[in-house]
Amino acid sequence: MKKSRKMIALALIMCLVLAAVSGCVATPSTGENSHTGGGNGENDPARSAPEGGAALTPPVSKHGDVVELSGYSDVYDFISKLTAQVQYGFTAEESIADGTSKSEPEAANTAEAPVSMENDGADYSGTNVQTAGIDEGDRVKTDGEYIYILKDGVSVVILRAAGADTEKVSEIPLAVTTDASNNGYSENGCEIFVRGDRLVIMKNVYEWSKESENGGRFYRDKSSAKTEIYDITDRAAPKLIKTLAQDGNIYTSRLDGDTVYVVSSYYVYDCEENEEETYIPSVRNDEESSLIAIDDICIPIGCRGTGWSVVSAIDISTGEMKASKATLGSASSVYMSAENIYIVSPEYHNDESEMRIEDQYEVRDYENSSSTSIVKYSTAGGTLGGEKAASVPGYVESQFSLDEYGGNLRMVVTENVHKYTTYYDKKHEFINTKYGDNYQHNSLYVLDTELNIIGSVTGLGEDERVYSARFDGDIGYFVTFRETDPLFAVDLSDPTNPTVLSALKIPGFSEYLHKFTDGRLFGLGMNVNENGNWTEGLKLTMFDITSPADVRELNTAVLKQSWSEALYDHHAVFIDSGKNLIAFPAENEYLFFSYTDDGGFRQEKSLKLDELGTWGIRGMYIGDSFYVCSAGAIIVLDLATLSETARISLF
């Protein structure tokens, strides 16, 4: 009976726990250090609840809740107990997490346009990033004189940017692949950085082998994230000067000055007590390998995932790996401010009540929900400082759902709760299920430097989820959607009492928000039909945010194209308000728009991509030329007229 009950319960919650292997489940907390400042009573969960739902308890940030570790054996005990409860990607209902706690100026605002730099009198655009001064790994980079393109992971092409006379200078081969009958090896590039005379290439490395055990055969694989540093003083002859690596696959990377921060996701499949390398991530300096020290390992209390987020800080000028940290719980988003890096991981809660008897039935109540685990590391001095950990209700949509300002972390999340009750008839051996009051809404939380919740506004956008977010100083903007697109504007000037200023409802939704100029917010997303159940093409929107209490939709444009990489990767969007230019790929075209309040969006050019493909397209300007780059070719245009001046094949 117990087995049947659990199997049915697992089937009912399958869609919620598919990611349980890489997530965490938080344990209850007393909330002594939290404060809820709901802008008004109707959005305060301590005083109200979603229609038809039970009253909610005030949200609690569990700061400093990490498991005390004295040695690797403690890590083994934790993970082995966890893996014993994992079957076919599901974890058992009983929580195993327990332990004791250990514990230890204002950040830059988000970047509002591609960073413009000066180089020998020629200005140029950088990668579209979230935080000013913090570069993000991508497929294409420029230093204002040369263009560097990661070509399908197999090589990096270096070109001298000279308008119509642009030419290839060198090419660095990257891909290595072997595939024998019993084992194989491959490595491919995935992101690059350029700073001065240093080119940094991030690679994923896979090794696999076919092995025998007890008469059977199985595959054993090993993955690592490799960082290669090249001296490109002579662009025609790049020299590899340092190779470092860490367990896992590249998740993302950031560059702050001369320090690159590499985040990889590493999963533990087999856990052998006397083989620490089977459950502790390692780092490698050239050929020398070492396990991450126990003092650099963080396990948030309540974690249920066997996936690690490994973070390393590498000085690209010296090739020194200055610090490495490992957090249990696979990253779903990474946000980096000017002073800290935040690793956020999903948590899944599957709560079951004690059994009670009603008539002939054994009755149990279930509640499924999600929350987000946050681990914060200081990046002061180009290294990684002591961790702080917390958990908040709901899940984040992307890195843009987080922002640090005035020392506080602001987060936009979607919260959902699914309830049901099972009635088991032991005599007749069948189960009935009654579904309860489910709800989904969106919230904004403010956490202080210690990751205590000090303010919140909750219950926004009932039955909707967050699609995009952007913070601008004391104001936070985020879009939710189900049938219409509410753009919420929240006043964060008092972090202990966030207040909703306005909620503009319009058709469609924005997947990406970007501050265009003072008083103007650009949105890129999808238009929908009048019933709100079918998308009808890409939609450009310009919002008037001069008065956040009265946000208005100034102008829109609905395009015939219905897909763009820019909806999923902000690096594909080029925006420069000074040059009055918005550009991005859309299906098999690259589109250029200008904007004025009077004339709205005006399409200045549509460029057929042809041999460039539809993914990994990036746009940039250098001096008087605009370059549309891909793994296959570069199209060069005159920046003033957008007339095509050259096409350079990379094959």
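Is at least one residue of segment 392-406 assigned to a strand (DSSP E or B), closer than 30 Å to Arg356 by Cβ and hydroxyl-bearing (Ser, Thr, Tyr)?
no
Yes/no matrix, rows are residues, columns are (1) open to solvent by less than 60 Å² (accessible area, probe 1.4 Å); (2) at positive phi; (3) not aliphatic (A, V, I, L, M):
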| residue | (1), (2), (3) |
| --- | --- |
| Thr233 | no, no, yes |
| Gly248 | yes, yes, yes |
| Tyr251 | no, no, yes |
| Gly257 | yes, yes, yes |
| Glu277 | no, no, yes |
| Asp286 | no, yes, yes |
| Ile292 | yes, no, no |
| Asp296 | yes, no, yes |
| Ile299 | yes, no, no |
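Considering Tyr420, Tyr405, which residue is at pLDDT 95 or above and open to solvent by less than 20 Å² (accessible area, probe 1.4 Å)?
Every option except Tyr420 fails the conditions.
If the requirement is being touching a helix residue (DSSP H, G or I) at 6+ places or on another chain (Cβ under 6 Å) and either modelled with pLDDT of 95 or more or of a type in the set (Val, Ile, Thr) (or both), which of these qualifies: Ala640, Ala557, Ala566, Ala586?
Sole residue among the options that is touching a helix residue (DSSP H, G or I) at 6+ places or on another chain (Cβ under 6 Å) and either modelled with pLDDT of 95 or more or of a type in the set (Val, Ile, Thr) (or both): Ala566.
When both residues are 6+ apart or on different chains and their Cβ atoms are under 6 Å apart, which pairs have a first residue that lies in segment 408-432 and is closer than 17 Å to Ser333 by Cβ and in a strand (DSSP E or B), and a second that is open to solvent by less than 20 Å² (accessible area, probe 1.4 Å) and hydroxyl-bearing (Ser, Thr, Tyr)?
Qualifying pairs under 6 Å: Met411/Tyr445; Val412/Ser401; Val413/Ser443; Glu415/Ser443.
Count, please, the residues in segment 553-581 that happen to be farther than 19 Å from Thr131 by Cα, open to solvent by less than 10 Å² (accessible area, probe 1.4 Å) and not polar (S, T, N, Q).
Number satisfying all stated conditions: 1.
When residues of segment 308-330 are filtered for being open to solvent by less than 10 Å² (accessible area, probe 1.4 Å) and under 26 Å from Glu450 (Cβ atoms), how many remain?
Within segment 308-330, residues that are open to solvent by less than 10 Å² (accessible area, probe 1.4 Å) and under 26 Å from Glu450 (Cβ atoms) number 11.
Starting from residues that are part of a strand (DSSP E or B) and either in contact with a helix residue (DSSP H, G or I) (Cβ under 8 Å, 6 or more places away or on another chain) or over 19 Å from Ser401 (Cβ atoms) (or both), keep the ones in segment 485-498 and report whichever is most open to solvent (accessible area, probe 1.4 Å).
Asp491
Looking only at segment 268-302, which residues are assigned to a loop (DSSP other than H, G, I, E, B) and over 23 Å from the mean Cα position of the chain (by Cα)? Don't jump to the end; show me each part of the working.
Filtering segment 268-302 down to residues assigned to a loop (DSSP other than H, G, I, E, B) leaves 268-271, 273-274, 279-281, 286-287, 292-293, 299, 301-302.
The answer is Tyr269, Asp270, Cys271, Glu273, Asn274, Tyr279, Ile280, Asp286, Glu287, Ile292, Ala293.
Which residue out of Gly600, Gly623, Gly613 is closer than 19 Å to Tyr146 by Cα and of a type outside the set (D, E, K, R)? Break it down into steps so the answer makes sense when it comes.
Working: Gly600 fails: closer than 19 Å to Tyr146 by Cα; Gly613 fails: closer than 19 Å to Tyr146 by Cα.
The unique qualifying residue is Gly623.
Take the residues in segment 175-206 that are among the β-branched types (Val, Ile, Thr) and open to solvent by 10 Å² or more (accessible area, probe 1.4 Å); name whichever of them is modelled with the highest pLDDT.
My answer is Val194.
When you go through (1) open to solvent by 20 Å² or more (accessible area, probe 1.4 Å); (2) over 30 Å from Leu159 (Cβ atoms); (3) basic (Lys, Arg) one by one for Arg304, which number turns out not to apply?
(1)
Could you list all residues from segment 305-321 that are part of a strand (DSSP E or B) and either closer than 24 Å to Ser345 by Cα or modelled with pLDDT under 95 (or both)? It would help to see each step written out before you state the result.
Within segment 305-321, the first condition is being part of a strand (DSSP E or B), and the residues that meet it are 307-315, 320-321.
Matches in segment 305-321: Gly307, Trp308, Ser309, Val310, Val311, Ser312, Ala313, Ile314.
Before we move on, is Val363 open to solvent by less than 10 Å² (accessible area, probe 1.4 Å) and hydrophobic (A, V, I, L, M, F, W, C)?
Yes, satisfied.
Which residues, taken from segment 235-290, are touching a helix residue (DSSP H, G or I) at 6+ places or on another chain (Cβ under 8 Å) and aromatic (Phe, Trp, Tyr)?
Answer for segment 235-290, where residues must be touching a helix residue (DSSP H, G or I) at 6+ places or on another chain (Cβ under 8 Å) and aromatic (Phe, Trp, Tyr): Tyr267, Tyr279.
Can you tell me which of (1) closer than 22 Å to Lys322 by Cα; (2) modelled with pLDDT of 95 or more is the one Pro238 doesn't meet?
Looking at each condition in turn, Pro238 falls short on (1).
The values are calculated or read from the model by the stated rules, or taken from the named source; none is laboratory data. Please read all numbers here as calculations on a predicted model, not as lab measurements. Neighbour counts run over all protein chains shown; Cβ positions are idealised from the backbone, glycine included. The protein model used for the area step is the full one, side chains on, heavy atoms only, and it has no ligands, DNA or RNA in it. Shrake-Rupley method; radii C 1.70, N 1.55, O 1.52, S 1.80 Å.
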